[in-house]
Amino acid sequence: MTSACVTGLLWGDEGKGKIIDLLSEESSYVVRYGGGHNAGHTLVHEGERMVLHLVPCGIRRPGVVNVVGNGVVVDPFHLAEELAGLEKRGFDVRLGENFLVSELCHLVLPLHRTLDEVAENLRGDAKIGTTGRGIGPTYSDRAARLGLRMGDLTRPRRLADGLERLLVQKNPILEAFGESRVDASELSEQLSRLGEQFRPAITDTGRVLREAAARDERILMEGAQGVLLDVDHGTYPYVTSSNASTCGIAAGTGMVPAAIDHVYGVVKAYTTRVGAGPFPTELEGEEAERLRTAGNEFGSTTGRPRRCGWFDAVAVSYAAQLSGAQSIVMTNLDVLSGFDPLPVCIAYQLGDGSRSDYFPVLDLDQVTPIYEEHPGFAEDITGVRAFDDLPSEARHYVRAIEDRIGIGVGLISVGPARDQVMRR
Ligand code: IMP
């Protein structure tokens with residue numbers, strides 16, 4: 001096998017960071033293909049916790065080239081901060097060597113963050129609950145052919161023309177909402193400075209990756225967010241603005257779809273969601289609070305409390321089918337210790353009373369989950385490293401889920417550290 005992808009199967013926060021870090025041991029390249037610094041990928045090593053937002057999770061592995069593909073939207077101000085933070089912690093980030101960024105990445109500018117906030121306020125009660133980082137407005141400008149790109153930062157003529165093209169449209173809008181106009185020369189100066197800083201890393205990453213694939217190098221794609229937040233296949237409009245599913249890989253890297261040999265679908269042993277939108281197995285009140293506390297379910301990018309609920313085999317089956325997941329990685333199984341019984345959603349009752357075993361993406365707000373209950377376990381399993389050493393109830397729970405979704409669980413994580421994992 002040469003290339004693989006790690007994708008979140010639900011609404012993000014499945015624990016992809018740790019899994020990518022783990023699998024990057026066998027990779028030459030780790031590649032982000034979508035999203036921006038709305039993503040927060042957490043790594044814990046020797047007790048130290050760090051959150052990466054734009055830099056791929058292979059950065060701790062010597063010899064791995066970390067690539068920000070063209071499908072990612074990059075806030076250059078944030079990138080400078082993130083790189084400085086890594087340097088301060090002693091990470092060896094060498095631009096142009098173990099860190100590359102596509103010249104075609106669209107830029108998230110401060111005005112996009114302002115417009116994200118303006119749009120959310122206008123939504124009134126129908127807020128999406130975005131991360132407020134300007135991601136949606138940047139992807140909108142990409143489609144509207146107004147965007148500036150990473151390669152423009154080192155090309156003064158393109159930068160000036162691009163800023164003019166953008167600001168002629170955005171300044172009147174900003175003004176209409178009582179926001180300050182953007183001064184082109186000031187922004188241009190700041191961006192040029194950042195361009196000089198990033199220059200060694202900015203390159204044609206599509207070519208780099210295609211050539212690496214031709215040499216049979218191992219490439220690991222790092223999914224951001226999750227399949228159900230995909231702009232086309234997710235719970236629209238409560239989604240992010242990119243193709244977070246594996247369908248975004250080809251467009252977001254410049255590689256051919258066939259370049260991916262294996263897809264790992266990551267799920268938690270239960271379900272969480274941040275932001276608004278339908279969530280059939282969501283818990284309320286005390287039980288939700290208990291799960292949130294046990295799993296420390298607070299957003300790694302925004303710190304918001306995550307909504308929590310039981311495992312949804314209907315949603316996971318849909319997402320696994322859509323993304324082509326060949327094996328499942330289950331994270332946070334340890335968090336379920338002490339919950340008894342463990343319900344798993346196996347079908348939905350639709351608004352008209354009929355039963356559906358399939359995920360009705362447009363009518364998800366009208367479904368009621370149908371559960372099958374499994375016995376819980378009380379033991380602390382954070383120290384278990386072999387499947388056969390898990391309590392029988394935990395093994396039964398994993399097998400019941402495998403049977404439901406028809407895909408094997410190949411890797412189980414029982415804690416945040418790199419070694420708290422068992423392979424099967
Ligand atoms: P946006 O991507 O900031 O526009 O936010 C759109 C929706 O996606 C909101 O519900 C966010 O909470 C959610 N979202 C975006 N990025 C992530 C992520 O990395 N993890 C979980 N949810 C996310």
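Among residues of the stretch 233-248 being in a loop (DSSP other than H, G, I, E, B) and hydrophobic (A, V, I, L, M, F, W, C), the one that is most open to solvent (accessible area, probe 1.4 Å) is Val239.
Among the residues making up the stretch 385-424, a single one is in contact with a Phe, Trp or Tyr (Cβ under 7 Å, 6 or more places away or on another chain), within 16 Å of Gly338 (Cα to Cα) and crowded, with 20+ Cβ neighbours inside 10 Å: Ala394.
Scan the stretch 111-132 for residues that are more than 26 Å from Phe298 (Cβ to Cβ) and either under 20 Å from the mean Cα position of the chain (by Cα) or away from the ligand (no atom under 14 Å from the Cβ) (or both) and jot them down. If the condition is that a residue be more than 26 Å from Phe298 (Cβ to Cβ) and either under 20 Å from the mean Cα position of the chain (by Cα) or away from the ligand (no atom under 14 Å from the Cβ) (or both), then Leu111, Leu122 are the ones that fit.
Residue pairs whose Cβ atoms lie under 6 Å apart, separated by 6 or more positions or on different chains, with the first residue in the stretch 111-137 and among the aliphatic types (A, V, I, L, M) and the second surrounded by fewer than 19 Cβ atoms within 10 Å (Cβ to Cβ), are Leu111/Val182; Val118/Phe177; Ile128/Ala276. Restricting attention to the stretch 133-154, the residues that are open to solvent by 30 Å² or more (accessible area, probe 1.4 Å), within 11 Å of the ligand (Cβ to nearest atom) and closer than 19 Å to Leu54 by Cα total 1.
Taking every residue in the stretch 198-227 that is open to solvent by 10 Å² or more (accessible area, probe 1.4 Å) and pairing it with any residue that is of a type in the set (Lys, Arg), at least 6 positions away or on another chain, the pairs with Cβ-Cβ distances below 9 Å are Pro200/Arg94. For the stretch 24-39, a residue qualifies if it is open to solvent by 10 Å² or more (accessible area, probe 1.4 Å) and either more than 13 Å from the ligand (Cβ to nearest atom) or under 21 Å from Val414 (Cβ atoms) (or both), and the qualifying residues are Glu25, Glu26, Ser27, Ser28, Tyr29.
So in the stretch 287-311, with the set limited to residues that are at pLDDT 95 or above and away from the ligand (no atom under 16 Å from the Cβ), which one is surrounded by the most Cβ atoms within 10 Å (Cβ to Cβ)? Here the answer is Phe311. For Thr272, the conditions (1) in a loop (DSSP other than H, G, I, E, B); (2) within 16 Å of the ligand (Cβ to nearest atom) all hold with the exception of (1).
Taking every residue in the stretch 356-368 that is in contact (Cβ under 8 Å) with a residue 40 or more places away in the chain and more than 13 Å from Thr281 (Cβ to Cβ) and pairing it with any residue that is assigned to a loop (DSSP other than H, G, I, E, B) and open to solvent by less than 20 Å² (accessible area, probe 1.4 Å), at least 6 positions away or on another chain, the pairs with Cβ-Cβ distances below 7 Å are Val361/Thr235. Does Val51 count as touching a strand residue (DSSP E or B) at 6+ places or on another chain (Cβ under 6 Å), in a strand (DSSP E or B) and either acidic (Asp, Glu) or under 20 Å from Thr253 (Cα atoms) (or both)? When the stated conditions are applied, Val51 does not pass them. Candidates Thr368, Thr382: the one that is open to solvent by 20 Å² or more (accessible area, probe 1.4 Å) and in contact with an Asp or Glu (Cβ under 6 Å, 6 or more places away or on another chain) is Thr382.
Residues in the stretch 310-341 that are of a type in the set (S, T, N, Q) and in contact with a strand residue (DSSP E or B) (Cβ under 7 Å, 6 or more places away or on another chain) were compared, and the one that is farthest from Ser413 (Cα to Cα) is Ser323. For the stretch 364-379, a residue qualifies if it is in a loop (DSSP other than H, G, I, E, B) and either farther than 16 Å from Trp310 by Cα or of a type in the set (Phe, Trp, Tyr) (or both), and the qualifying residues are Phe377, Ala378, Glu379. Before we move on, is Tyr264 over 23 Å from Phe99 (Cβ atoms), more than 16 Å from the ligand (Cβ to nearest atom), open to solvent by 10 Å² or more (accessible area, probe 1.4 Å) and touching a residue at least 60 places away in the same chain (Cβ under 8 Å)? So Tyr264 fits the description; yes.
In the stretch 71-78 there is at least one residue that is free of Cβ contacts under 8 Å to residues at least 60 places away in the same chain, closer than 29 Å to Val274 by Cα, within 15 Å of the ligand (Cβ to nearest atom) and surrounded by fewer than 18 Cβ atoms within 10 Å (Cβ to Cβ).
The values are calculated or read from the model by the stated rules, or taken from the named source; none is laboratory data. Bear in mind the structure is a predicted one, so any value in this text is a computation, not a measurement. Positions of Cβ are backbone-derived with ideal geometry, glycine not excepted, and every protein chain shown enters the neighbour counts. Calculation scope for accessible area: heavy atoms of the full protein, side chains included, ligands and nucleic acids excluded. Shrake-Rupley method; radii C 1.70, N 1.55, O 1.52, S 1.80 Å.
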